[in-house]
Structures are given as structure tokens and as C-alpha cells.
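The structure appears right after this line, and notes come after that.
The values are calculated or read from the model by the stated rules, or taken from the named source; none is laboratory data. Just so you know, these numbers come straight off a predicted model, no measurement behind them. Quick reminder, even Gly has a Cβ in these numbers, built from the backbone with ideal geometry, and neighbours come from all protein chains shown. The protein model used for the area step is the full one, side chains on, heavy atoms only, and it has no ligands, DNA or RNA in it. Shrake-Rupley method; radii C 1.70, N 1.55, O 1.52, S 1.80 Å.
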Amino acid sequence: MKIIKYLFFLLLLVIIGGAVYVATIDGEFQVEESRVIDAPDELLFNTINEYKTWDKWGPWMDESDDLIMEYPEKTSGEGAYYSWKSETQGDGKMETKKASPFSSIDQDITFITPMGESKSDVYWKFEKVEGKKTKVTWGMKGKQSFMEKAFWATQDSTISKMLRPMYQRGLEKLDIYAKEKMKEYTINVDGVTEHEGGYYMYSATASSIAGMSKKMEQMLPAVKAYMIQNNLPQTGMPFTLYNEFNPEQGTTIFSTAIPTRDKVVIPKDSSVLCDFLPKQKVVKTTLKGDYINLKEAWEAGYKYITENSLEPAAESPAFEVYKTDPGVQPNPSEWITEIYIPVK
């Protein structure tokens, strides 16, 4: 009996010593990872802010085959949340506490474990860097309960070491997802309509087709600056008028233009001129997406003309109108371009 009492006493000392040791462990933790992604902050913010996108890039999707996501009616913005159930990963909930477009998001995460509920703070930061790139920082911080500290004291790792590779993988998948989203586009041939025309200020030049974009980057600001300097109202979005287009030789003569209200008398030595676009019958095609898809959109417009036995009006140049300013909307998948091909 004395031996049993002695062993019991030793066990009690071990338990008390262990409890004291666990109690002295600093339970506070923080893990944070960053990645520079070649995508606009608005796109990345909106992706994280909408919980229904999380299953597309969330790193935990690689580790669980039985993860069931559950969404309420509100899945984005402050007060939004989603929950999950998994026999292998456990259950939990994520809720947005604060969303500041397009700079930061604060969230609460709750893990339901055999040791009870474990709550932590999750945060996101979005910082613009060179060009259209964004530095995305994903972090989590919190304080472990006594039981959680006791659990991790028996492990070879820590919660921070466990989460770090998961966050790294998540940011990598977010990078891939964002780039794929920016590639999305749609082309719709709206059919035959009538374009109202009107006066416009323009600058014209001859160019190789490949070199058009660089010349447009210089010409459009020049036209815009001329209109501002001379107090000329802009009555529509910029457009490109294709006076000549020769894909076989790879050359074009084009005008970069901005609509204005009235006819403007221009000095003879001015590089910016004024002209009039007549009211005319056209086939309209709308591209939503990056300009790299314009060739396909033009082909769709001309295919519609052929299939509907229409004839292009050769004497009237075709043109494209840029309804979205890339300086305001940096996400290429949201750019809208309207193509107008005059027909007889």
C-alpha cells in the first residue's frame, strides 16, 4: 500500500508540475505570410471579401476530402460568414468583422475541437506596389487556452509552424486564381443598330499593327490635353477609328479620338484635329475583357456580317469605343469595348 501511495504521490507531483509548466507557457501566437501578386488590389480584396470564392483557392481544400462548406444569405462584407464541417479537419466558422475597401479585412475564426472552441483573429492587408501589383498579407493571431497549450507542448511543432506552409500555399493558389479571373472574357455580337455619330477631336498616324498600342499611349493623352487646354467638353468615351487596316502587310492608318459637342476650328499647325462621324447603320459587337481578345471580337463581328448576308460599307471606317478607363478599373476582365462596323 505504501508503494501505491508513493507512486500516486509521484504521479500527482508530475501532474502538478506539468500544469505549472503549461501555465507558464506564453499562449499568444501570431503567424503572417505575404506575397506580391500581379493583380489589382480591388480584385484581390473582392475575392477575399466574398466567402464563396474561398473553396477555389483555400489551402485546406487540398487536405480534406470530406469538407462541407455552408453559406448563409450574406457572404461578403461586414457581418458575412461561412462555416464548415469535416470529420478529419473538424468544424468551424469564419466571420468578417470589418472590411475596408481595398486595403484591409478583419475576420474572426472559430475552430470547434475536442478541447472546446478556439477563437482567433484573422487579418488581410492589401498594399499597392509597382505597376498593377499588390502585396497581400495574410495573418492570424490569438491566445491559446490551457488545454491548447498542453496539447502543443506534446507536439514536435507549434501552431505557427503548422499554419505557415498552409498560408504560403493559400497565397500561391490565390495568385493563380486571380490571374485566371483576369483572363476571363465574353464576346457578344449585338447585331445591327444605328450609331448616332457626332464631332470628335483626334490625332492620326500610320503604324504597324503591332506598334499601335505604344503609339496610342502617346496620342490619346495628347488629344485629351488639347481639349482640356482649350476648354472643349468631352461628350463620350475615347475611340479608335481605323482609316485603313491591312492585316496582310501588318500596317494600319488610324485615328485616336475623343467625342466633343461642336465643330472646332483648328489652327493649321495643330497635330490635333476635328472631324465629324456621320449617323450610320452598323453591326455592333461588345467585348468584356482584356484588349488581347479584340482580334477575336472583330472576327465575330465580321462573321455575323457574312452569315447575315450584310455588306460592309467600305467607304466608312470601322471603329472601337473604350467604355472603361483602365486607369479607373485596373482589372482587365471588367474592361468593356464596343466595336462598330458600318454596313450598307
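Here is how the numbers come out for the structure above:
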item	result
When residues of region 189-215 are limited to those that are part of a helix (DSSP H, G or I) and open to solvent by 40 Å² or more (accessible area, probe 1.4 Å), the one nearest to SER309 (Cα to Cα)	SER213
Only one of PRO330, PRO326 that is touching a residue at least 24 places away in the same chain (Cβ under 8 Å) and not hydrophobic (A, V, I, L, M, F, W, C)	PRO330
Answer residue from region 306-344, given it is outside any loop (DSSP other than H, G, I, E, B) and of a type in the set (A, V, I, L, M, F, W, C) and is farthest from PHE102 (Cα to Cα) among those	VAL343
Near pairs, Cβ below 7 angstrom, 6+ apart or cross-chain, from region 68-90 (within 25 Å of ASN46 (Cβ to Cβ)) to any residue that is assigned to a loop (DSSP other than H, G, I, E, B) and open to solvent by 40 Å² or more (accessible area, probe 1.4 Å)	ALA80/LYS74; TYR82/TYR71
Residue within region 286-305 that is part of a helix (DSSP H, G or I), more than 28 Å from the chain's Cα centre (by Cα) and either farther than 26 Å from TRP335 by Cα or of a type in the set (Lys, Arg) (or both) present	yes
Only one of VAL328, VAL343, VAL321 that is of a type in the set (A, V, I, L, M) and in contact with a Lys or Arg (Cβ under 9 Å, 6 or more places away or on another chain)	VAL343
Selection within region 95-113 - open to solvent by 30 Å² or more (accessible area, probe 1.4 Å) and not polar (S, T, N, Q)	GLU95, LYS97, LYS98, PRO101, PHE102, ASP106, ASP108, PHE111, ILE112
Single residue of LYS263, LYS281, LYS268 found to be open to solvent by 40 Å² or more (accessible area, probe 1.4 Å), over 30 Å from PRO40 (Cα atoms), among the charged types (D, E, K, R) and out of contact with any strand residue (DSSP E or B) (no Cβ under 6 Å at 6 or more places or on another chain)	LYS268
Subset of region 228-252 [touching a residue at least 40 places away in the same chain (Cβ under 8 Å) and not in a strand (DSSP E or B)]	GLY236, MET237, PRO238, GLY250
Residue, nearest to the chain's Cα centre (by Cα), within region 266-285, restricted to residues that are modelled with pLDDT of 95 or more and of a type in the set (A, V, I, L, M)	VAL283
Scope region 85-102; condition touching a helix residue (DSSP H, G or I) at 6+ places or on another chain (Cβ under 9 Å) and under 15 Å from LYS119 (Cβ atoms); matching residues	MET94, THR96
Pair list, Cβ under 8 Å, 6 or more apart: region 206-222 residue within 19 Å of ILE292 (Cα to Cα) and at pLDDT 90 or above, other residue open to solvent by 60 Å² or more (accessible area, probe 1.4 Å) and among the basic types (Lys, Arg)	SER207/LYS215
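Residues are listed down the side, and each one gets a yes or a no for (1) among the charged types (D, E, K, R); (2) under 22 Å from TYR340 (Cβ atoms); (3) more than 28 Å from the chain's Cα centre (by Cα):
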site	(1), (2), (3)
MET219	no, yes, yes
ALA222	no, no, yes
ALA225	no, no, yes
ASN231	no, no, yes
GLN234	no, yes, yes
GLU244	yes, yes, yes
THR252	no, yes, yes
SER255	no, yes, yes
